[in-house]
Structures are given as structure tokens and as C-alpha cells.
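Asker: This is the structure, below, for whatever I ask next.
Only the coordinates and a few stated rules stand behind these numbers; no lab work does. Computed from a prediction, not measured in an experiment: that's the story for all the values here. Glycine also receives a Cβ, built like all others from the backbone with ideal geometry; neighbour counts cover every protein chain displayed.
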Amino acid sequence: MATTSTLDELARAADLDASTGRERDLTIRQRDIDEPLVLDSLTAGRLALHRVNVAGAVTLRSCVIEELVVDHCTADALLVSNSRIGRLVVRNTPRNTEVDVSETALEALDVHSCGPTRFEGVRVSDSVQISAMRGPVQLRRLRAATLALRSQAAVGRQRRPQVSLENVHVTETITLDDLWLASLTLDEVDVAALLLRRVRVDAPFRGTGVRCRDGLRINGMVVPAEASALLDSEVRGPVVVRGLRHAETVPAQRRQTAPDTAPTTGAAAELVFRSSRISSLAASADEVSPVVVELADTSVRALAVPVGPARYRLAGTSSVQEVDLGDVVFRNDEHVTGFLDRVFTRVSPGALEAVRSTLTGRRRMSEGDQLYYFTRQREAAEGPLLRRLAGRALLGGVLGWGVRARNPARTLGAAMLSTAVALHLSGAARDPQGGGLLDLVAVGRALVLACALWLNVGVGAPSELKTHAWTALAVGCTGGGLLFTTLTVGIVIRKLVR
């Protein structure tokens, strides 16, 4: 094992001239070292290894180097620990060469076309760039300004890399772009903005404890049949889900997995936010693949109307403070159901409450009353028979749930007309010497008497009708009239005051 602590010793180990390593910079090109190379407590300005073949691992311990470049080198592994490096560049290592950096401080880190990559306890003051991945990437306890993972060199299902981020803190942006991964896992990630662009995963994407201060953007992601999920996460900025696709709707995926099978269209791609908090959420989809974004026990401050065949699903104790209503006006139940079917997968109590609270917050009280009435009618319709009769027929159809004035007013008018017809047909309000059923004076007298009974403005009647039965009729009509009149007037006054 060649253990070196100076550039002069490293130059001799690489069979270079003795004077080559006397400066702060050293470049080694196209050399073969027949034993593992260990750099211990080495101090240098710029150290570059180009096409160096090492029989074993290249290990750096407690080194201070301003710039380290490892390009087209062959070794069992590149191990860096407890060091301080300004800029670390690793390029084009063999697929089975592991790049392992631990407990090290850097200014910038650039890894291109390398095999298994593992960073643990690494602090980078500037950017981390990982591109053309040829193996799994595992980042633990990483702190950096920006982090970008782009493209990959591996092809074939067995060579798709696995990416795992655990306890990662990035002050600006994490970008994953143009990747086809076996799996993607985020665990306790704190970042300003998280961008997932053109990322395809074979296993469901999982994120736990993700904290995004400025937003989360998912654009062109391809997911498998099982729903991907973000758990116990918080996004203070906007969440934008655009072009989420189901794997079965992507032609390239179908050609590799089942070339003789007829294409399957219309499969919905699902993304779940569970036990999370979101500032705002917007989703859009194309006609090929519908998108379902599920909110399970999640609170959302603002929800935008989805574009295309994208829908939201509310589950558990999820709550939405405000829904973007656009120019929609709710004048009847058809307007309500049409809007909710456009935004949500089903007309649930949570969806109705979200829209109603939005209308109330915007002082659109009459439309809010329409939503309240529609909600109560649906709740009553889902109960047993007795509850349906008492709720939908009596409280809703007759009393209007206390928010719709036309229901009690309509009931009162129908009751007065029915009473007038009954009085006229029974002859209780007709003069015995009159013209019978076709006497218009008798008809008017019956109508006036019915109005007087129901509106509590007098119960005068012919002397022969002053019996106990007449008294009971008068009391019943007067009580009902008081109820319907008071309720109608109260609702109207409530609307005018608001």
C-alpha cells in the first residue's frame, strides 16, 4: 500500500521525476500504480489524476486540497473522508468503482458518469452536480447550496439507478431532471424549492418529512400503477403538478414490457399528500393520462381549478381553506355539481365545505346558502328512510334548512290555496242561497278566510262554523302560518342585513 502525505512522495509512487511534486500542483497522466493509493494529511493546490490505473482503492484522509480532479481513473473505489477540498471533480470511472465521500467540507462537487455514489456528512458551500449516473446514489446528512441530479448513462431495467436522499439540507434548489430510476426516496429533506422534471420511476416515489420553503414542481413525471406519496411534509410555496403520467400510457414503456399487448389508455396517475400542509396546489393533465391528486389528512390553503382530466380527491380529515372559483356562479344545484365534478373525483362533504367556505370568505352569501342547502340535502339523502323523509322533505323541502326563503314561502302559499279550496268545496264559506261552486263571490270569500287563518289576521267565520272543530282548524292554521311567515321573513331579513 502506497501511503503518501506529500506531493513529492505521490510523484515518486507514480514514477514521475523527483522535481515534479515540489510545487503545490501535481498532474499525473496515464500511470499504473500496482498497489492501493492512500493520501494521508496531504496538502496541495491542484491535484489531477488522468487515466491512472490503481490496483486497489484510492483513499484520501485528512487532506487539504484546493482542487481535486479524478478523470478516467480505474480503481476499486474512491474514498474521501475527513478532508477539506475546494472543488472535487470525479469523471468517467468504471461502473463498479464506488465513489464514497464522508465527513468532508467542499466548495463545489461535480460527479459525472460514475458508478455507485455515496455522500455522508458532506458540507458543500456551493453546488453539487451529479450527472450521467451509472449506479445508485445515496446522499445522507448532506448540506449544500444547490443539488442537481441529471440524466444517466445506465440503460436497461436492471441498471436503472436507485436514488435516496436522507437528512439533506439545501438552501436553494434540488433539481432532478431527465432520469429513469428504479426508485426515488426522499427522507427528511429541507430545501427552498424542489423540482422534478421528466423523472420516471419503476417503484412508487416516496417522500417523508419533505420541507419546501418556496415550492414543489413536478413536471412530466412517470409513475407506476401504485400511487406515489409525500408523507408528513410541508410546502410553504405553491405545489404544481403538471403532466404526471401513468407508466402504461407511455409508449416506450409499453414497447419494452409488453410489445404484443394492445395499448392501454386512460389509466390515472396518482399522487398522494398524506398528513401534510400545503400552501397552494395546482394540477394539470393531458387527455392521454388522467391525474388524481389525493389529499389525505392534509390541509391546503388554496386549491386551483385543475386543467384537463386532472382531479383532486379529499380523504380523511383533509381541509381546503379556499378554492379558485374563477367566474363560476352557483345559481342552482346543477351549477354546484358541475363545478365539483370538474374539480374533485366525487362530491364529498369536504369538497362542498371547501367551496362553501370560499364563497363565505368572498362575501358571496347567497351562493353560500345555495351550497349549504345542497350539502344538507345530500347528507339527508344518505341516511335511513325516516331520516330522509324528515330531512329532505320536511327540513329541506318545506323549511329550506333555514337558508332558502322560497321553500317556506312556497309551502305557505300552497297551504293557503289548499285550505281555500277545501273551505269552498265543503261549503263552509258559501252562502246557502248563493250560486254554488261557480259563485266567484264564494270563491273569494273562501280565499280570504284561508289567508286570514294562515296569516293570523283574524279568524272570522259564519256563526254556524264556530265549533270545536273550527277552533282546532283555526289554531292549527295560525300556528303553521306563524312558523312559515316568521321563517320566510327571518331569512329575507338575514339576506338583506348581510
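Asker: Measure off 7 Å from each Cα along the Cα-to-Cβ vector at THR74 and ASP187, then give the distance between these two points in nanometres to one decimal.
Answerer: According to this spin-label approximation, the distance is 3.6 nm.
Asker: Hey, another quick one. Could you run the Debye sum over the Cα atoms of the stretch 346-394, one equal point scatterer each and no solvent, and tell me log10 of I(q)/I(0) at q = 0.12, 0.18 Å⁻¹, two decimals?
Answerer: The computed values of log10 I(q)/I(0) come out as -0.29, -0.57.
Asker: Still on this structure, I have one more. Pull out a ≥ b ≥ c, the square roots of the eigenvalues of the alpha-carbon gyration tensor of the stretch 370-432, then state rounded if a/c is under 1.5, prolate if not and a/b is larger than b/c, and oblate in the remaining case.
Answerer: Verdict is oblate for the stretch 370-432.
Asker: I need the fraction of alpha carbon pairs in the chain separated by more than 41 Å, rounded to a whole percent.
Answerer: Result for the distance tail: 49 percent.
Asker: Taking 7 Å along the Cα-to-C-beta vector as the label spot, tell me the MET365-ARG406 distance in nanometres, rounded to one decimal.
Answerer: It works out to 1.9 nm between the two label points.
Asker: Roughly what angle does helix 333-343 make with the longest principal axis of the chain, taking Cα atoms, 0 to 90 degrees, to the nearest 10?
Answerer: 10 degrees
Asker: Taking the stretch 176-257, which GluC sites (Glu not before Pro) meet the DSSP loop condition and have no more than 16 other C-beta atoms within 10 Å?
Answerer: The qualifying sites are GLU226.
Asker: In whole Hz and in residue order, list the ³J(HN,Hα) couplings for the stretch 291-300 that follow from phi through the Karplus curve 6.51 cos²θ - 1.76 cosθ + 1.60, θ = phi - 60°; x for Gly and Pro.
Answerer: Running phi through 6.51 cos²θ - 1.76 cosθ + 1.60 with θ = phi - 60° gives 10, 10, 9, 9, 10, 10, 6, 10, 9, 10 Hz.
Asker: Can you give the angle from 0 to 90° between the axis of helix 365-381 and the longest principal axis of the chain, with both taken from C-alpha atoms, to the nearest 10?
Answerer: Here the helix axis deviates by roughly 90 degrees.
Asker: Shape verdict for the stretch 121-256, please, from the Cα gyration tensor: rounded (a/c under 1.5), prolate (a/b greater than b/c) or oblate.
Answerer: oblate
Asker: Taking only Cα atoms, what is the 0 to 90° angle, nearest 10, from helix 406-426's long axis to the longest principal axis of the chain?
Answerer: 20 degrees
Asker: Here's something else I'd like to know. Could you tell me whether the stretch 22-83 comes out rounded, prolate or oblate from its Cα gyration tensor? Rule is a ≥ b ≥ c as square roots of the eigenvalues, rounded for a/c under 1.5, then prolate if a/b exceeds b/c, otherwise oblate.
Answerer: oblate
Asker: When you take every Cα atom in the stretch 18-142, what is the radius of gyration, and what is Dmax, the widest Cα pair distance, in Å?
Answerer: Every Cα atom of the stretch 18-142 included, Rg and Dmax give 13.4, 41 Å.
Asker: For GLU103 and ASP327, what does the FRET efficiency come to when R0 = 51 Å and r is the distance between their Cβ atoms, rounded to the nearest 0.05?
Answerer: That gives a FRET efficiency of 0.30.
Asker: Something else about it: I'd like the distance between the alpha-carbon centres of the stretch 361-376 and the stretch 104-156, rounded to an integer number of Å.
Answerer: 53 Å
Asker: Could you tell me the calculated FRET efficiency between ASP110 and GLU287, based on Cβ-Cβ distance and R0 = 45 angstrom, to the nearest 0.05?
Answerer: 0.65
Asker: Only helical DSSP H runs with n ≥ 4 go in: add -39500 (n - 2.57) per run for the chain, normalise by residue count and round the 222 nm mean residue ellipticity to 500 deg cm²/dmol.
Answerer: -8000 deg cm²/dmol
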